[in-house]
Amino acid sequence: MPRLKPHWLILIALVLGVLAGWVTQTAFGGDIDAVKESKTLALYDLLGSKIFIGLLKMIIVPLIFSSIVTGIAGLHKVEGFARLGGKTLAYYIGSSAVAIVIGLTVVNVIQPGLVDGKPNPVVEKFIADNRDDFEAKGNEIAASANKVEDEKSKLGAVGDLIVRMIPTNVLAAASDNGAMLGLIVISLLTAFGLNAIDGYGREALVTAIGGLNDLMITVTRWIMKLAPIGVFGLMASIIAQTGPGFLLSMLKYMLTVLIALGLHFFVALPLALALIGRVNPLRHYRAMRDALLTSFTTASSSATLPISMRCLQDNAGVSKRTSSFVLPLGATVNMDGTALYECVAVLFIAQVLGASLDVATQVTVVVLALLTSVGVAGVPSASLVAIVIIVNNVAAQQPWGAAAPAAIGAIFAVDRILDMCRTSVNIFSDSCGAVLVAKSEGEAVLQE
Ligand code: ASP
């Protein structure tokens, strides 16, 4: 029998996972609570979130550290680094801004929260039927959002960013997957520091960290072999716990999000690749397919990072130097899909709760979506917290602000599938950024 390529295996696993999830839910007579208590679900979770995602998370810290250090220190010079940083930053801001404008336009055209100018009765009924559950969930998310707000510096978003960039304890930052930005700064400092010292110490460290990087690449390849099993477990678990009634009530909202994400993923980003980078976008989709399937099933940019790094270097031909700078930073701060989603979600909540947002308020939502998407962690459902922060900002002291927790709970009920899609957009945008930066640096990318 001919051996199937990894992406086919992952795709087959994805379909089998959906079937297994559906069979499981049917076997329990559609009783989601019973499914949640079952051993079958525990088994799916073991295969997916515990083993597969667990292994990916395990290698994130040594992988990021060693690839940034070898990517930059290996070059013996830092020239052009500021240029690389400038281009990367310009791409992050530009692509997120385009994504948000797409989201804003689509949500204003489709108006998923309204029917004939009035709050959508299907969604209103859905919220009313589950009010207690949704309010409890919404309040829970709001509590973590308040914690985030309390920790904020008085200097606003820029102050926060700086604080997050400077870890006060190297080991603590390295042991916290959420403190990725700090880890990136430590790695950059190490790389620059190694470039500034001479002699045996420098050589020994560069060689050792290079060895660590090779090791991590090998381990990533091994973990990728487990991807089909992990993807099966993740899909089976999600489908087994998702009630069809939920999806139907929120259909218009979900379609709005999917259309907006689709426009960014299938139109805006490939256009940028073709027009600015002069590369064939289809080749890039093909190069990134394993990473895209992984981000879709894991809904976590961080967990997908090792795989996108492999795809970008092995298949797209982006250098270690560019990919190890643009990707880890992008997975942490550049989230186009998330920024777009925040914007659509906040406007949907306002529509459903009968609040009409004027242009000035919508502009505030856009700016806040851009800023908060930088702070969202690359883990499932992380943007819900940012949505609460935006709602708190624009709806403070307004009647619809008080009703918002229930609506946020309703959004959470259907979040997973949308999260899978926006995470894929996040990952794909980072990889497009890396290709564009690499191309502008004269690298031969996507040549085949
Ligand atoms: N799950 C997303 C990611 O990891 C973040 C989010 O939008 O919730 O990129």
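Mind checking which of VAL231, VAL267, VAL107 has the largest fluctuation in a GNM of the chain, springs on alpha carbons under 10 Å? For the chain, modelled as a Gaussian network with Cα springs under 10 Å, the answer is VAL267. Placing a label point 7 Å from the Cα of TRP8 along the Cα-to-Cβ line, the residues of region 232-262 whose backbone N sits under 19 Å from it are 232. Take each peptide in 436-445, 418-427, 364-373, count the other Cβ atoms within 10 Å of every residue, and average; sorted highest first, the result is 418-427, 364-373, 436-445. Would you give the gap between the C-alpha center of region 345-407 and the C-alpha center of region 210-227, rounded to a whole Å? First find each Cα centre; the distance between them is then 40 Å. As a ratio to 2.2 N^0.38 Å, the alpha-carbon radius of gyration for the chain is 0.99. Per residue, the solvent-accessible area of the chain (1.4 Å probe, heavy atoms of protein chains only, all protein chains present) comes to 44 Å².
Helix 227-241 and the long axis of the chain differ in direction by around 10°, with both axes built from C-alpha atoms.
The sum of -39500 (n - 2.57) across all DSSP H runs of n ≥ 4, divided by the residue count of the chain, sets its helix-only mean residue ellipticity at 222 nm to -25000 deg cm²/dmol. Of the whole protein surface, ASP133 contributes about 110 Å² of accessible area at a 1.4 Å probe radius. Site pair ALA128 and THR26 shows an inter-label distance of 3.4 nm when each label is modelled 7 Å from Cα along Cα→Cβ. The packing ranking of peptides 141-148, 85-92, highest mean first, is 85-92, 141-148, where packing means the average number of other beta carbon atoms within 10 angstrom of each residue. Which residue fluctuates the most in the chain, going by a Gaussian network model with Cα springs under 10 Å, if the choices are GLY182, GLY230, GLY117? In the Gaussian network model the winner is GLY117. The length gained by stretching the chain between VAL148 and ASN392 to full extension, at 0.36 nm per residue less their Cα-Cα distance, is 86.6 nm. A Förster radius of 25 Å combined with the Cβ-Cβ distance from LEU19 to LEU251 puts the calculated FRET efficiency at roughly 0.65.
If only the Cβ of Lys and Arg carry +1 and only the Cβ of Asp and Glu carry -1, the dipole of the chain around its Cα centre is close to 1140 debye. Of the accessible area of the chain, with the probe set at 1.4 angstrom, what percent is carbon plus sulfur? Ligands and nucleic acids excluded, carbon and sulfur reach 66 percent. For ALA402 and VAL267, FRET efficiency with R0 = 30 Å and r from the beta-carbon atoms, rounded to 0.05? So, using R0 = 30 Å, E works out to roughly 0.20. The packing ranking, built from the mean of other Cβ atoms within 10 Å per residue, places the peptides 281-290, 396-405 in the order 281-290, 396-405, highest first.
Given the pairs LYS57/LYS147; LYS39/LYS252; LYS36/LYS57; LYS147/LYS225; LYS57/LYS137, which span a C-alpha to C-alpha distance of over 29 angstrom in this model? Walk me through the intermediate numbers first.
On the way: LYS57/LYS147 25 Å; LYS39/LYS252 34 Å; LYS36/LYS57 24 Å; LYS147/LYS225 39 Å; LYS57/LYS137 27 Å.
Violating the 29 Å Cα-Cα cut-off are LYS39/LYS252; LYS147/LYS225.
Between ALA90 and ASP314, the distance separating the two model label sites (each 7 Å from Cα on the Cα→Cβ line) works out to 3.3 nm. Relative to the longest principal axis of the Cα atoms of the chain, the long axis of helix 81-110 makes an angle of roughly 20 degrees. In the Gaussian network model of the chain, springs joining C-alpha atoms below 10 Å, which of ILE59, ILE162, ILE100 carries the largest mean-square fluctuation? Maximum among the listed residues: ILE162.
The values are calculated or read from the model by the stated rules, or taken from the named source; none is laboratory data. Every value quoted in this text rests on a predicted model; they were computed, and no experiment measured them. Cβ: placed from backbone, ideal geometry, glycine included. Neighbour counts: every protein chain shown. When the accessible area is computed, the model is the full protein with side chains, heavy atoms only, and any ligands, DNA or RNA have been set aside. Shrake-Rupley method; radii C 1.70, N 1.55, O 1.52, S 1.80 Å.
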